[in-house]
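Here is the structure we will look at.
The values are calculated or read from the model by the stated rules, or taken from the named source; none is laboratory data. Since we're looking at a predicted model, the values are computed, not measured. Using ideal geometry, Cβ is built from the backbone for each residue, glycine included, and neighbour counts are taken over all protein chains shown.
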Amino acid sequence: MHRVTTVLMISLALGFWLAGAAPAAAPIEPAPDDRPAAAEEKAPAVTEAAAEPADAAEPADATEPVQPADIQEEAIEAQVAPGTDLTGMGEVGLAEELARTRKAYERALQALRKYYLDSGSATKVRWADQEIEAFAKVPNIRYLTVAEIAGPELKPLRVIAAADALFKEGLDYKNYPAFPPGKKDYLKRAIEKFETIIQKYPDSDKIDDAAFRMGEIYGGWYFEDWTRAVLAYERCWQWDPKTDYPAVFNAAKIYDEKLQNRVKAVELYNRVISESNDQDLKNQARQRIKALTGK
């Protein structure tokens, strides 16, 4: 009995010694959800978009740059305001609008190239050069002549010295004894002089003379522009129905031999027979009517 008691006392003493040697337990902190709301600190939310720099982009391949048309087409369509309403425009209005927009396009293209040149963008300067080169190859068709725009109502009412001088200069260029290809350049200058008369002095007594000479140039070997030739001849007799120039006969010959418009040719040959004072032209007109109609 005494031995058992001694063992128990030793076990108790050992237990107390072990309990005193162990470190004190750390205090238990409340869980985050159990903290008071006033003491809670929250970090700002970070979205996926904000996690990356705003201008982060995949670098373009330096060997194959993206063409402007591929990346700007939709943006251009969205930003450019609608142009002039072309609904109901006649030929003159449409042709003038085309000429205006062509010039505006060329000016904008040159300005864009200069901008890229000044900003040091060699690639875009090259793109602009390519477009300028392509634009230069687009045919610049002159759809209307000055005589056509002027209309059939002009009248040669008075002598104007400046118009007379222009007409003489035009004749000098027209009759200058040059050879191809230089001759055509002189003929172009002649047309410019004749057109200036019609534009600046529309009541000059030289407007019908200028129209006839333009008809000769357009209907000649260097131009062979039959449509413009007959128009110029028509303006000649429209502006001066009593003109001494064979404008009606020349137009009839073009409709007959070049444009293969038999109906119009016969109509004008009949006018020559009824209106011309030149007997030789009347005889030729009769012969051509017989050949075209069998009568």
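The table below lists the values:
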{"quantity": "Among (1) farther than 15 Å from ALA229 by Cα; (2) buried (at least 19 other Cβ atoms within 10 Å of the Cβ) - the single one PHE249 does not satisfy", "calculated": "(1)"}
{"quantity": "Which listed residue is among the polar types (S, T, N, Q), touching a Gly at 6+ places or on another chain (Cβ under 8 Å) and free of Cβ contacts under 8 Å to residues at least 60 places away in the same chain, from ASN277, ASN250", "calculated": "ASN250"}
{"quantity": "Filter result for TYR176 (within 26 Å of GLY219 (Cβ to Cβ) and hydroxyl-bearing (Ser, Thr, Tyr))", "calculated": "yes"}
{"quantity": "Pairs where the first residue, in the range 224-246, is touching a residue at least 60 places away in the same chain (Cβ under 8 Å) and within 17 Å of SER276 (Cβ to Cβ) and the second is buried (at least 20 other Cβ atoms within 10 Å of the Cβ) and of a type in the set (Asp, Glu), C-beta under 7 Å, 6+ apart", "calculated": "ASP240/ASP208"}
{"quantity": "Residue within the range 149-165 that is out of contact with any helix residue (DSSP H, G or I) (no Cβ under 9 Å at 6 or more places or on another chain) and within 17 Å of GLU224 (Cα to Cα) present", "calculated": "no"}
{"quantity": "Output for the range 261-283, where each listed residue is assigned to a helix (DSSP H, G or I) and under 19 Å from TRP226 (Cβ atoms)", "calculated": "ARG262, VAL263, LYS264, ALA265, VAL266, GLU267, LEU268, TYR269, ARG271, VAL272"}
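Rundown of residues vs (1) crowded, with 16+ Cβ neighbours inside 10 Å; (2) at pLDDT 95 or above, yes/no style:
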| residue | (1), (2) |
| --- | --- |
| VAL146 | yes, no |
| ALA150 | yes, no |
| ALA161 | no, yes |
| LYS168 | no, yes |
| LEU171 | yes, yes |
| LYS174 | yes, yes |
| PRO181 | no, no |
| ILE197 | yes, yes |
